[in-house]
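Please read the structure below before turning to the comments.
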Amino acid sequence: MNLHHTSAYPSAVSLADFRRNLARVRDNIAAACQRAGRDPADVRLLPVSKTVDEARIRLAYAAGCRELGENKVQEAHAKWEAMADLPDLRWAVIGHLQTNKAKLVARFASEFQALDSLRVAEALDRRLQAEGRALDVYVQINTSGEASKFGLAPQDAAAFVRQLPAYASLRVRGLMTLALFSPDPALVRPCFVRLRELRDRLRQEAPAGIYLGQLSMGMSGDYELAIEEGATTVRVGQAIFGARALPDSHYWPGFATSGAQP
Ligand SMILES: *Cc1c(COP(=O)(O)O)cnc(C)c1O
């Protein structure tokens, strides 16, 4: 396994590259499922296309990708508009959202994975009602305790979830997290365990209509670990598309100074 060594990911620039990278990731998913005694059909691969341009995204589509994760709303919305000729391509917003961008998300996204405030829930619900749409959402949990990470503290999750039935357009699917960025599995794995155990607890006391089964956890460097610990969605960018030119601090404010990068 290759925890966060981005140079190991060559850029995919042809259909053959995408087919090969997708096959490799799916093989790794199957192997991790085998180790954990799980059915690979229970793990969804969400390719993450942030920073990737339209031409390469179209190659990924040709290679079979029908849903894509994007960290930034404006970037996602622009791509959705540019690729409106691909109506079966679904867009998941997986990064932090400000209330003033809720309107955009409500318009085009099929899924929002970074819900961590009631203000955002309220803004999204209002905009979704106006659009006549519903949205799958995941509650983001900060399982690493790093100040630079978004998400609710685990101990605040139960009270938060109890408020969610008020927002009828939000279809709550489960929990999402980013693990500690570290090359050491002994530090990464506990983040995934924490999310699973929190899900198991919350499920017992979830309000009617709130479904908390899904666990979105694991990225290029750690998705195999995440699957061993119960991930039902893995969000994989670089292992499919290749290493990103932009530093991760562009997507995770405070990341570069957190000292967690190996
Ligand atoms: C970028 C991103 C990923 C994917 O990271 P890779 O290292 O490219 O696999 C997963 N989740 C979120 C929230 C991201 O922003």
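The values are calculated or read from the model by the stated rules, or taken from the named source; none is laboratory data. Bear in mind the structure is a predicted one, so any value in this text is a computation, not a measurement. Cβ: placed from backbone, ideal geometry, glycine included. Neighbour counts: every protein chain shown. Heavy atoms of the whole protein, side chains included, go into the accessibility calculation; ligands, DNA and RNA do not. Shrake-Rupley method; radii C 1.70, N 1.55, O 1.52, S 1.80 Å.
Within the listed set Ala153, Ala55, Ala32, the residue fluctuating most in the Gaussian network model of the chain (springs between alpha-carbon atoms under 10 angstrom) is Ala55. Ranked from largest to smallest solvent-accessible area, with a 1.4 Å probe on the protein heavy atoms, Arg173, Arg19 come out as Arg19, Arg173. Taking all protein chains together and rolling a 1.4 Å probe, Tyr211 ends up with roughly 110 Å² accessible. In the chain, the DSSP-assigned H stretches of four residues or longer account for a calculated mean residue ellipticity at 222 nm of -11500 deg cm²/dmol, using -39500 (n - 2.57) per stretch and the full residue count as denominator.
With all protein chains in place and ligands, DNA and RNA left out, the 1.4 Å accessible area ranks His77, His250 as His250, His77, largest first. When a 1.4 Å probe is rolled over the protein heavy atoms, the share of accessible surface on region 15-241 that falls to carbon and sulfur comes to 48 percent. So which lysines pass the test for Lys79, namely a Cα distance under 18 Å, with those fewer than 8 places away in the same chain ruled out? Partners within reach: Lys50, Lys101, Lys103. Computed log10 I(q)/I(0) for the chain at 0.11, 0.17 Å⁻¹: -0.57, -1.46, from the Debye equation with unit scatterers placed on every C-alpha and solvent omitted. Between Arg90 and Glu67, Leu68, the built amide H atoms are under 5 Å apart, and every one of these is 5 or more places off in sequence or on another chain. A Cβ-based charge dipole, computed about the Cα centre of region 1-142 with Lys and Arg at +1 and Asp and Glu at -1, lands at about 160 debye. With a cut-off of 12 Å on the backbone N, the residues of region 17-56 near the modelled label site 7 Å out from Ser110 along Cα-Cβ are 45-47. The distance from the alpha carbon centre of region 19-91 to that of region 101-171 is 22 Å, rounded to a whole number. Result for the chain in a Gaussian network model with C-alpha springs under 10 Å: among Gln163, Gln214, Gln113, the largest mean-square fluctuation is at Gln163.
With one equal scatterer per alpha carbon and no solvent term, the Debye-computed log10 I(q)/I(0) for region 24-113 at 0.15 1/Å reads -0.62. Excluding ligands, DNA and RNA, the accessible surface per residue across region 15-241 is 41 Å² with a 1.4 Å probe. Across region 15-241, the mean sequence separation of Cα contacts (distance under 8 Å, 6 or more residues apart), normalised by length, yields a relative contact order of 21 percent.
Using C-alpha pairs under 8 Å with a sequence gap of at least 6, the mean separation divided by the residue count of region 52-187 gives a relative contact order of 19 percent. Accessible surface for Lys103 stands near 100 Å², nearest 10, in the context of the full protein assembly shown (1.4 Å probe). Taking the Cα centre of the chain as reference, the dipole from Cβ charges on Lys and Arg (+1) and Asp and Glu (-1) amounts to some 280 debye.
Taking all protein chains together and a 1.4 Å probe, the residues Met176, Met219 rank Met219, Met176 from largest to smallest accessible area. Neighbours of Leu180, meaning other residues whose beta-carbon lies under 12 angstrom from its beta-carbon, give a summed charge of 0 when Lys and Arg score +1 and Asp and Glu score -1. Rounded to the nearest Hz, the phi-derived 3J(HN,Hα) couplings of region 156-167 under the Karplus curve 6.51 cos²θ - 1.76 cosθ + 1.60 (θ = phi - 60°) are 9, 5, 4, 5, 5, 4, 4, 7, 5, x, 5, 10, where x marks glycine and proline. Stretched out straight at 0.36 nm per residue, the stretch from Arg19 to Asp200 would grow longer than its current Cα-Cα span by 61.6 nm.
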